[in-house]
1. L169: accessible area at probe 1.4 Å, nearest 10 Å²?
2. For the residue pair H253 and S17, what label-to-label distance in nm results when each label sits 7 Å from Cα along the Cα-to-beta-carbon direction?
3. Counting only protein heavy atoms and a 1.4 Å probe, tell me what percentage of the range 162-270's accessible area is made up of carbon and sulfur.
4. Of the cross-linked pairs K165/K265; K209/K265; K209/K241, which ones have a Cα-Cα span greater than 23 Å in the structure shown?
5. Could you order W174, W270 so the one with the most accessible surface comes first? Probe is 1.4 Å.
6. Note down the accessible area of I246, probe 1.4 Å, to the nearest 10 Å².
7. What is the spin-label model distance, in nm, from E172 to D286 if the labels are put 7 Å beyond Cα along the C-beta direction?
8. Considering only protein heavy atoms, with the full assembly of protein chains and a 1.4 angstrom probe, order H284, H253, H67 by accessible area, largest first.
Amino acid sequence: MDYELEHDLCFRNAFRSFVCVVLSMLLGLQVYTYFWASQDSFDGDFSDIKYVVMQLTRGLTDVNRKHEKLQNEMERISAALPAVAAAAGRARDALEPRRSPRQLFDVHDYDRQIVDFALETAGARVIDTGDTLEHFIHESPVGWVLHSISALVCRDCLGANAIIKPGTLPGECWAFKGSKGEATIRLLGTVRITGLSLEHIPAHISPTKEISSAPRLFQLEGLEFRGDPYPYDFGTFEYEKDGKPIQYFEVLHQPSKGYNLVRLKIFSNWGHPVYTCVYRVRIHGDLVPGQQQHNSNEEEMRIETE
């Protein structure tokens, strides 16, 4: 009886061990199968990632190539831009009307933009007015006689100096009888003259609201000495009554040398029957170096001799 119980107990233990071994083997097989399948899945995932990375790399290579090409085009365009800008400037200058100096200068600050060699404060002065008679309002017969005598005796017309002084308020002008007159100006040095400016007050500040006394046709001459019978003709010009108060005129005949004396000759005005008014004359050009003092002394000697 005891032997049968012991035999049954051994059989049960062996069967239990067998079942444990089989279950362990099945579990190990299951685990092995699971990890093997997962490795194949990981290999597939890595293959997909590698393909995507290759596509991205190829795309980036194409982008870099296009970027380099675009950069080369931009460098070529940048190198050509200066030439294109220069050509555009030349075309614009050719199409636009040429602006004269009278359009370039600001009337309100004229004397700070261009040199005036006929300015009295810089050393110029009027030395002769020829046969021109000043217009003068006489308060008495005695005043008329004294003015007539001084006009005949004194050729250095004091009234004419107004045309080379800064200041152009109404009445601050050289007024002479009729429509014809002249004034010889000694410049501050020997100047190669390129232009002149003539100034008159505008009509809106004139007491009469008109400027018929303004000069119209006038001429500029270069003189070797006062009373030179063979003056150099710089040209004849016309002052526009309805233009700007200060009008610039470029000389029509360019001189080959400089002049220390110039003569302004007025031929007509804009219709005033009694007198003509000249407010300001400016002479422009380039000072000839090394001749200013010599010519000034020579002119002084000629004036004293006359």
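1. It works out to around 110 Å².
2. Here the answer is 14.5 nm between the modelled labels.
3. Values: 2400 of 4510 Å².
Solvent-exposed carbon and sulfur of the range 162-270 make up 53 percent of the total.
4. Numbers: K165/K265 18 Å; K209/K265 26 Å; K209/K241 12 Å.
Result: K209/K265 exceed 23 Å.
5. Working: W174 5, W270 60 Å².
Of W174, W270, the descending order of accessible area is W270, W174.
6. In the full protein context, I246 sits at about 10 Å².
7. In this crude spin-label approximation the distance works out to 3.3 nm.
8. On the way: H284 5, H253 85, H67 110 Å².
Per-residue accessible area, sorted high to low, gives H67, H253, H284.
The values are calculated or read from the model by the stated rules, or taken from the named source; none is laboratory data. In this text, all values refer to a predicted model and were calculated from it rather than measured experimentally. Here the Cβ is made from the backbone with ideal geometry for all residues, glycine too, and neighbour counts use every protein chain on show. Protein only, heavy atoms only, side chains kept; ligands, DNA and RNA dropped before computing areas. Shrake-Rupley method; radii C 1.70, N 1.55, O 1.52, S 1.80 Å.
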